[in-house]
Amino acid sequence: MAEGLHLFGYGPSVYTRIVRMGLIECRLTAAYTEVNPFADTPDPTLAQITPFQRVPVLQHARITLTETAAILRYLDQISTGTSLVPQDAAAAAQMAQVIAIVDFYGYVPMVRDVFARGFYLAHLGEAADASRVAQGLHAAVPVLQALDAIARDGCVLNAKAFTLADIHLAPMLEYFTKVPEAARVLGQYAALSSWWGVARRRASLIATDSLTHQ
């Protein structure tokens with residue numbers, strides 16, 4: 001059932017990395033096509049498979065899936081391994097809560113502002129944007145507070161039971177903490193930092209670091 005997976009993604013994309021982590025954790029493999037959603041001229045391959053022209057996109061059999069959370073749930077369901085969705089109702093709900101918090105409130109300040117403007121520009125040989133980084137750090141505070149509270153509850157983000165919440169959050173924090181000031185801010189949240197201390201060493205996270213493996 002899991003044969004014929006095809007992932008379309010963009011190497012530096014945190015969401016592409018999340019799906020790559022999901023494939024590893026679900027013990028699945030997929031053909032891969034690199035597409036650039038930021039190209040000045042729209043990528044014709046990407047335009048053909050999704051009207052949103054965003055990555056990642058997963059094709060399998062006759063279906064085409066967009067939206068990273070949906071792709072992860074699909075990978076988990078077609079995997080023959082242990083499910084990464086908790087059976088406990090509270091844990092499953094908090095897993096979904098973490099993913100939603102990351103997507104709706106975390107991605108822009110943590111990745112688009114802090115990581116992109118404070119680290120990735122320099123990676124490309126351009127000057128960092130300090131004001132945008134400061135703006136992102138400020139906006140990330142309620143996100144970190146919410147995630148820290150969930151980690152304190154212990155249902156998910158507990159460094160023991162690995163779930164889709166871990167896969168969704170770990171690449172975001174890995175990018176975020178590439179900026180030293182962001183790493184210091186994270187250090188103010190004990191439960192989340194404790195989880196991160198374990199998650200940052202996860203083999204699937206390390207293996208999908210496209211910035212190091214370029």
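The values are calculated or read from the model by the stated rules, or taken from the named source; none is laboratory data. Bear in mind the structure is a predicted one, so any value in this text is a computation, not a measurement. We place every Cβ from the backbone using ideal geometry, glycine too, and count neighbours over all the protein chains shown. Areas reflect the complete protein model, heavy atoms only, side chains present, ligands, DNA and RNA absent. Shrake-Rupley method; radii C 1.70, N 1.55, O 1.52, S 1.80 Å.
If we scan the stretch 56-66, do we find a residue that is surrounded by 12 or more Cβ atoms within 10 Å (Cβ to Cβ) and among the basic types (Lys, Arg)? First the steps, then the outcome.
Step one: list which residues in the stretch 56-66 are surrounded by 12 or more Cβ atoms within 10 Å (Cβ to Cβ), which gives 56-60, 64-66.
This time we only want the ones that are among the basic types (Lys, Arg), so: none.
No: zero hits.
So if I check each of Ala182, Ala170, Ala199, which one is within 30 Å of Glu34 (Cα to Cα), crowded, with 22+ Cβ neighbours inside 10 Å, touching a residue at least 40 places away in the same chain (Cβ under 8 Å) and within 14 Å of the chain's Cα centre (by Cα)?
Working: Ala182 fails: within 14 Å of the chain's Cα centre (by Cα); Ala199 fails: crowded, with 22+ Cβ neighbours inside 10 Å.
On inspection, the qualifying residue turns out to be Ala170.
Out of the residues in the stretch 89-126 that are more than 22 Å from Leu157 (Cα to Cα) and open to solvent by 80 Å² or more (accessible area, probe 1.4 Å), which is modelled with the highest pLDDT?
Arg112
Given the structure, is Thr33 open to solvent by less than 50 Å² (accessible area, probe 1.4 Å) and assigned to a helix (DSSP H, G or I)?
On the way: open to solvent by less than 50 Å² (accessible area, probe 1.4 Å): yes; assigned to a helix (DSSP H, G or I): no.
No, not satisfied.
Looking at the stretch 85-92, is at least one residue in contact with an Asp or Glu (Cβ under 7 Å, 6 or more places away or on another chain) and more than 30 Å from Cys26 (Cα to Cα)?
Taking the stretch 85-92 as the starting set, the residues that turn out to be in contact with an Asp or Glu (Cβ under 7 Å, 6 or more places away or on another chain) are 85.
Add one more test, that the residue is more than 30 Å from Cys26 (Cα to Cα), and what stays is none.
No, because not a single residue in the stretch 85-92 is in contact with an Asp or Glu (Cβ under 7 Å, 6 or more places away or on another chain) and more than 30 Å from Cys26 (Cα to Cα).
Suppose we filter the stretch 127-152 for residues that are open to solvent by 60 Å² or more (accessible area, probe 1.4 Å) and either assigned to a helix (DSSP H, G or I) or touching a helix residue (DSSP H, G or I) at 6+ places or on another chain (Cβ under 6 Å) (or both); how many remain?
Let us first name the residues in the stretch 127-152 that are open to solvent by 60 Å² or more (accessible area, probe 1.4 Å), namely 127-128, 130-132, 135, 138, 142, 145, 152.
Okay, now just the ones that are also either assigned to a helix (DSSP H, G or I) or touching a helix residue (DSSP H, G or I) at 6+ places or on another chain (Cβ under 6 Å) (or both), so 128, 130-132, 135, 138, 142, 145, 152.
Matching residues across the stretch 127-152 total 9.
Would you confirm whether any residue within the stretch 4-20 is within 28 Å of Arg152 (Cα to Cα), open to solvent by 10 Å² or more (accessible area, probe 1.4 Å) and not polar (S, T, N, Q)? Even if it seems obvious, please write down each step before you answer.
Restricting attention to the stretch 4-20, the residues satisfying the condition of being within 28 Å of Arg152 (Cα to Cα) are 14-15, 17-20.
Of the ones still in play, those that are also open to solvent by 10 Å² or more (accessible area, probe 1.4 Å) are 15, 20.
Keeping just the survivors that are not polar (S, T, N, Q) gives 15, 20.
Within the stretch 4-20 (the criterion being within 28 Å of Arg152 (Cα to Cα), open to solvent by 10 Å² or more (accessible area, probe 1.4 Å) and not polar (S, T, N, Q)), the answer is yes, since at least one residue qualifies.
In the stretch 29-36, is there at least one residue being under 13 Å from the mean Cα position of the chain (by Cα) and modelled with pLDDT of 95 or more?
As a first pass, look at the stretch 29-36 and keep what is under 13 Å from the mean Cα position of the chain (by Cα): none.
Scanning the stretch 29-36, I find no residue that is under 13 Å from the mean Cα position of the chain (by Cα) and modelled with pLDDT of 95 or more, so the answer is no.
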